[in-house]
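One structure below.
The values are calculated or read from the model by the stated rules, or taken from the named source; none is laboratory data. What you see is a predicted model; the values in this text were computed from it and never measured. Here the Cβ is made from the backbone with ideal geometry for all residues, glycine too, and neighbour counts use every protein chain on show. Accessible surface areas use protein heavy atoms only, side chains included; no ligands, DNA or RNA. Shrake-Rupley method; radii C 1.70, N 1.55, O 1.52, S 1.80 Å.
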Amino acid sequence: ENASEITFNSCVIENYTDTRSISESNRPNRSGVPQGSKRISEFNVWDYKLSFDKEFQNSTDNHDILESHHAIGCGTCKQQGKIRCSSCRGAGDVTCSSCNGRGEKQCGNCNGRVDIKCWSCSGKGTKETGYGENKRTERCSSCSGRGSNKCTSCSNGFVTCSTCSGSGKVTCYTCHGSGEVTCYQCDGNRTMDHFFIVSASFINLSQTLYLTNPY
């Protein structure tokens with residue numbers, strides 16, 4: 001029977017936290033950064049201006065500290081710019097894939113059988129001569145009745161591999177016979193560009209307040 005009007009008001013408080021950290025990174029020293037020595041403790045994460053991607057939304061930002069760049073020696077190649085080829089293990093050559101390192105391949109003429117079927121008697125060892133009453137069977141003169149002849153292309157069923165010339169090895173396709181390849185770490189520059197990165201995480205801490213009395 002009795003009613004009173006209450007007005008509710010709400011407001012949203014937007015604020016954020018800025019959390020920062022510093023880390024180190026390396027890349028090939030292609031720009032020729034001079035060698036030096038920098039420590040991570042020399043740089044303060046709060047000395048650098050970073051920004052949001054979008055206002056009052058969670059975001060991250062990374063800042064490359066330009067003054068932190070300095071060259072250090074590449075530990076992978078020991079500042080040589082080259083490392084041992086993994087394909088040939090530094091030998092400069094690899095096993096021939098055509099003959100699997102044997103230096104010879106199965107003869108294509110006799111298929112490794114040494115003997116080939118006599119073409120004159122079709123492998124029978126005999127031939128029929130004459131016609132009618134004069135028809136008779138004689139020993140094949142081409143194979144002396146054996147039905148086969150020795151292969152003229154090989155002596156043991158195999159021939160020298162033409163790919164490796166009988167050595168069983170071919171020049172390494174990765175290093176072209178040098179036994180070395182460009183260092184994957186420094187890309188052949190012998191030194192690494194060492195620097196520090198500031199990373200910031202912006203996290204929005206939004207609060208909604210409901211008030212019965214706006215005053």
Residues within region 24-46 that are surrounded by 11 or more Cβ atoms within 10 Å (Cβ to Cβ), among the charged types (D, E, K, R) and either in contact with a Phe, Trp or Tyr (Cβ under 7 Å, 6 or more places away or on another chain) or assigned to a loop (DSSP other than H, G, I, E, B) (or both), tallied: 3
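Take the residues of region 24-57 that are of a type in the set (S, T, N, Q) and without any contact (Cβ under 8 Å) to a residue 60 or more places away in the chain: which is nearest to H194 (Cα to Cα)?
First, the residues of region 24-57 that are of a type in the set (S, T, N, Q): 25-26, 29, 31, 35, 37, 41, 44, 51, 57.
From what's left, without any contact (Cβ under 8 Å) to a residue 60 or more places away in the chain: 37, 41, 44, 51.
Values: S37: 9, S41: 15, N44: 17, S51: 24 Å.
Going through the qualifying residues, I end up with S37.
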Check on E128, free of Cβ contacts under 8 Å to residues at least 60 places away in the same chain and of a type in the set (D, E): yes
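Go through region 157-204 and count every residue that is open to solvent by 80 Å² or more (accessible area, probe 1.4 Å) and outside any strand (DSSP E or B). Working first, answer last.
Start the filter on region 157-204 by keeping residues that are open to solvent by 80 Å² or more (accessible area, probe 1.4 Å), which leaves 160, 162, 165, 169, 171, 173, 176, 180, 184, 190.
Next, only the ones that are outside any strand (DSSP E or B) stay: 162, 165, 173, 176, 184, 190.
Of the residues in that region, 6 qualify.
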Qualifying residue in region 16-23 (condition: in contact (Cβ under 8 Å) with a residue 24 or more places away in the chain, buried (at least 16 other Cβ atoms within 10 Å of the Cβ) and in a loop (DSSP other than H, G, I, E, B)): no
